Structures are given as C-alpha cells and as structure tokens.
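Derivation of every value follows stated rules applied to the coordinates shown; laboratory data play no part. Computed from a prediction, not measured in an experiment: that's the story for all the values here. In this analysis, Cβ positions are derived from the backbone assuming ideal geometry, glycine residues included, and neighbour counts consider all displayed protein chains.
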Amino acid sequence: MENKNNIDFGNKIVKKSDKQILVNKVFNSVARKYDLMNDITSLGIHRSWKNDLINWLAPQSNQNLADIAGGTGDIAHKFIKAGGNSAHVFDINKEMIEVGKKRYKNYNNLDWTAASAEKIPVSDDTFERVTMSFGLRNITDRNKSLEEIYRILKPGGRFICLELSHVDNAFFKKFYDLWSFKFMPLIGQKVTGDKEAYTYLVESIRKFPTQAEINQMLSSVGFARVKYRNLCNGIVALHSGWKF
Ligand code: SAM
C-alpha cells in the first residue's frame with residue numbers, strides 16, 4: 001500500500017529508500033545501449049524533441065548550462081553546438097557518464113560530475129540555464145530536485161524540463177499504449193537483454209504527474225512564468241520556468 005515511506009517504481013510500490021537503487025540498476029543495465037534504444041523506441045523522434053528543447057532555450061554565448069540527470073550528454077552537447085558557452089552534466093550514474101565522456105572527449109567546455117539531482121554539489125546562483133531531459137520521472141524526491149535546480153540557477157536564469165508525459169488524444173493514445181506496453185519491452189529485451197528495464201520505463205510514464213501538476217510543482221518551488229508545450233500530442237512535454 002502507498003504511504004509516506006513508499007513510492008512507485010513503475011507499477012510496483014517500493015520503499016522510498018530502495019527506489020534509487022532500482023533506478024540505478026535500470027541505467028547500469030542499459031547504459032551502453034541507451035542511445036540506440038532511444039532511437040529505436042522513439043523512431044528517432046527523441047532527437048527532434050531534444051532539438052525543440054534547445055530551440056526554446058535559445059542558448060547564448062555568455063550562458064553556462066547545468067544539465068541535471070544528463071545521462072550520456074545529448075542535451076549538453078546540443079547546447080554547446082547551438083552557441084552556449086559551456087555545459088556541465090550531472091548524473092547519478094557513472095556508467096551513463098562514462099559513455100558520454102568517451103563520445104564527447106574532444107569538448108573541453110563540457111564537464112561531468114556524478115551527483116544526485118537531490119543534492120547538486122554547486123553553490124547557489126551558479127548557472128544561467130538548467131535543463132533536465134527524461135530525468136524527473138526517475139527521481140525519488142522530485143520536489144527536492146526542483147528546489148536544487150532553482151537554487152543553482154542565477155537570478156534571471158531559466159529551467160526547461162523535457163519529460164514523457166500524458167497523451168491528450170484518445171484515438172492516438174490507443175496506438176501509443178500498444179506501442180509502448182507491447183513493443184517497447186520486447187525491443188528492450190532484444191537490444192539490451194533487459195525487458196524489465198523497459199517495462200519500468202513505460203510504467204513510470206503512466207505514473208508521472210500530468211502537465212498541469214508539473215507546472216504546479218515548478219510554481220510552488222518559486223519558478224515564475226511557468227509554461228508548458230506538448231509535443232506529439234503530449235507524448236512528451238517541455239516545461240519552462242524562470243528564476244527572478
Ligand atoms: N538526460 C538524458 C537524456 O535525455 O537522454 C538521460 C535520461 S535517462 C532516461 C535518465 C537519467 O537520469 C539516467 O542517466 C539516470 O542515471 C539519471 N538519474 C536517475 N536518478 C537520478 C538522480 N537522483 N540524480 C541524478 N540523475 C539521476
């Protein structure tokens with residue numbers, strides 16, 4: 001039964017203290033195939049969603065980015081390519097970081113730190129921009145991580161979160177459910193050998209708060225001008241907030 005000591009892990013209810021261990025197991029298991037799986041399961045569309053995030057963020061040459069739960073560094077890399085000054089990836093999982101470090105070894109304005117989004121090892125008011133892409137769903141104490149993001153942003157800074165969200169069209173949802181519940185775990189099994197990991201990923205999307213609820217969470221930690229945009233009928237949503 002759900003209570004204050006428990007939390008969802010996909011469709012399972014687990015102890016809060018166990019969720020991070022289970023999430024780490026998922027990403028340890030898929031790290032080396034993570035980017036390939038993203039391409040297969042989203043039919044390559046995750047690249048365009050990430051580009052939409054970067055376009056909305058519109059990086060400038062005087063801006064430094066913290067990408068929280070940044071995984072293998074896609075967003076950080078795109079931020080630099082789009083004209084940002086530097087990017088720093090924070091992720092709790094060293095395996096994910098290692099894959100990204102190898103891939104982007106020629107970038108000296110891209111840094112990496114293994115750290116939890118719930119305790120980011122950075123002083124207050126450090127970064128002009130903060131992003132989190134497909135991270136928030138996996139975090140045990142989401143409010144704490146949003147407070148941390150707010151804390152490390154400079155006044156005048158902006159946060160954008162990209163996350164799998166809730167589809168708003170009933171007809172489209174039927175196809176999406178079929179694809180995600182039936183095919184994604186099977187593809188996960190074939191490509192990474194870990195069907196469970198992809199079952200968790202799909203289940204965790206359906207348990208995630210709605211677009212309006214995430215906006216409410218952003219506002220309650222202090223973000224201003226909070227807005228969201230649905231992409232692909234709400235398969236994913238971009239949430240934006242400012243620190244003033
Ligand atoms: N941001 C990348 C992307 O868009 O491709 C990676 C997203 S991946 C679905 C989720 C990432 O969240 C994993 O790299 C995982 O290690 C990381 N993660 C999970 N819990 C975390 C936490 N508490 N703090 C920081 N990172 C976390």
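Structure summary
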read-out: Cα gyration tensor shape for the stretch 52-146, rounded if a/c is under 1.5, else prolate or oblate; value: oblate
read-out: Of the trypsin sites (Lys or Arg not before Pro) in the stretch 53-120, those whose Cβ has at most 14 other Cβ within 10 Å and which sit in DSSP loop; value: Lys105, Lys119
read-out: Hypothetical label at Thr210: residues of the stretch 226-244 whose amide nitrogen lies under 17 Å (7 Å Cα-Cβ projection); value: 227-231, 233-239
read-out: Residue-wise HN-Hα coupling along the stretch 108-113, computed from phi with Karplus coefficients 6.51, -1.76, 1.60 (Hz; x: Gly, Pro); value: 8, 9, 10, 10, 9, 9
read-out: Spacing of the two label points (7 Å from each Cα toward its C-beta) at Trp179 and Lys12, in nm; value: 2.8
read-out: The chain, relative contact order [Cα under 8 Å, separation at least 6], %; value: 19
read-out: Spatially close lysines, pair count over the stretch 148-230: Cα under 29 Å, gap of eight or more or interchain; value: 17
read-out: Residues whose placed amide H lies under 5 Å from that of Phe9, excluding near-sequence neighbours; value: Val14
read-out: Summed side-chain charge close to His77 - residues other than His77 whose Cβ falls under 13 Å, Lys, Arg +1, Asp, Glu -1; value: +4
read-out: Nitroxide proxy distance, nm - points 7 Å out along Cα→Cβ at Ser123 and Ser219; value: 3.4
read-out: Pairwise label distance in nanometres, Arg47 with Asp111, each label 7 Å out on the Cα-Cβ vector; value: 3.0
read-out: Reachable lysines from Lys105, criterion Cα separation under 25 angstrom, eight or more residues apart if same chain; value: Lys33, Lys50, Lys78, Lys81, Lys94
read-out: Extended-chain gain in nm, criterion 0.36 nm per residue less alpha-carbon gap, Arg32 and Gln189; value: 55.1 nm
read-out: Over the stretch 1-116, volume per residue of the alpha carbon convex hull, in Å³; value: 124
